[in-house]
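Below is one structure, written out as structure tokens; comments come after it.
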Amino acid sequence: MAETALQPRRLIAPLFVHEGLEAPAAVASMPGVMQWPLAQVPRQAQQLADLGVGAVLLFGLPRTKDAEGSSAWAEDGIIPKAVAAIKHAVPDFPVITDVCLCEYTEHGHCGLLSPTGDVLNDESVERLGRVAVAHARAGADLVAPSAMLDGMVAGIRSALDAARAEHIPILSYSVKYASAFYGPFRDAAGGAPRFGDRAGHQMAVTNAREAQREHTADVAEGADLLMVKPALAYLDVIRTTRDRHPDVPLVAYNVSGEYAMLMAAVDRGWLDERRAVLETLTAIRRAGADLIITYHAASAAQWLAETD
């Protein structure tokens, strides 16, 4: 009689790939989460595939950064290398790549900056198109632009089509709130802004109706999947999106701060990890998400397999 089903194939596992590492490095604010050297990424992907996890989402930490984030679109950059390595080892395992500049720029912002420190929207969107093309050429199955810049989906779609990558779908971070729950991720990905914030191009936490306008705009520009990020504080937005866009696959990002809070309570013995994680992920599914990006993916997949 269960109304909501949670399966491993609906989970997407983030992986942080660090170009400068020789051995895995733990992320202090995210117990159990690692930054991985390139050589170990295929093995991690194989393990996730063996658990039945639906896909992997790659984030890159480059060896060097500059003002434009040029290593983000380098064909020999860390993410193209990681994509190629995974596809060689596990050809049928879906690989999604994050498309943004924040991890690659010296200043940590999601695009190019003007002399006054403002993000240059159109120039940045053109660079995001280059990033997506580099990832597609390396073998990525799907690209996920996360910058929340105006017109980014249309710009990336145009760049992919011009590069004869018309078949590559776009998972748009179409509703990404300017949230307090991203702190641990910025530790893991090395992408915290050195000054200012991203409130100018991410959504205000006060707004829900605006989210549907953002979704509608991205669908019109060519988005194949939509995302709501974070998940737990925005279950209402997930539910409304499901109702307003019933035919578009919907992804929710169970973000780093949500993971860190739960794991901190588990560490103190205040919560049972298995029950709390599965209840959390089931709630996100119940709200209407088709797929969930979560740092719990491997553990949850294993627990779900044990209950089958």
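Computed values, structure above
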item: Magnitude of the charge dipole, the chain, Cβ model with Lys/Arg +1 and Asp/Glu -1, debye to 20; result: 340 debye
item: Whether the range 249-308 is rounded, prolate or oblate, judged on the alpha carbon gyration tensor where a/c under 1.5 counts as rounded; result: oblate
item: Förster radius 22 Å - calculated FRET efficiency between E126 and R164, Cβ distance, rounded to 0.05; result: 0.75
item: Lys/Arg +1, Asp/Glu -1 at C-beta; the chain dipole; positive extreme among I170, A154, A204; result: A204
item: Theoretical FRET efficiency, 1/(1+(r/R0)^6), r = Cβ-Cβ of T4 and A208, R0 25 Å, to 0.05; result: 0.65
item: Top of G77, G288, G117 by mean-square fluctuation, Gaussian network on the chain, Cα under 10 Å; result: G117
item: The range 49-85-the range 154-181 distance, computed between alpha-carbon centres (Å); result: 16 Å
item: q = 0.10, 0.23 Å⁻¹, the range 85-186: log10 I(q)/I(0) [Debye, one scatterer per Cα]; result: -0.29, -1.24
item: Local electrostatic count, V95, Cβ distance below 10 Å [Lys/Arg +1, Asp/Glu -1]; result: 0
item: Options A301, V133, A45, ranked by Cα towards positive dipole end of the range 8-307, top entry (Cβ charges); result: A301
item: Residue-averaged 222 nm ellipticity for the chain, from DSSP H runs of 4+ at -39500 (n - 2.57), nearest 500; result: -12000 deg cm²/dmol
item: Set of aspartates and glutamates near K229 by C-alpha distance (under 19 Å), chain-local residues within fewer than 8 positions excluded; result: D98, E103, D150, D187, D197, E210, E214, D218, D243, E258, E279, D290
item: Net charge of neighbours whose Cβ lies under 14 Å from the Cβ of R164, counting Lys and Arg as +1 and Asp and Glu as -1; result: 0
item: Stretch in the chain that is longest and holds no GluC sites (Glu not before Pro) that DSSP places in a loop and that have at most 16 other beta carbons within 10 Å; result: 167-308
item: Calculated FRET efficiency for the pair D50/D272, C-beta based, R₀ 25 Å, to 0.05; result: 0.45
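Coordinate-derived values only; no laboratory data. Every value quoted in this text rests on a predicted model; they were computed, and no experiment measured them. We place every Cβ from the backbone using ideal geometry, glycine too, and count neighbours over all the protein chains shown.
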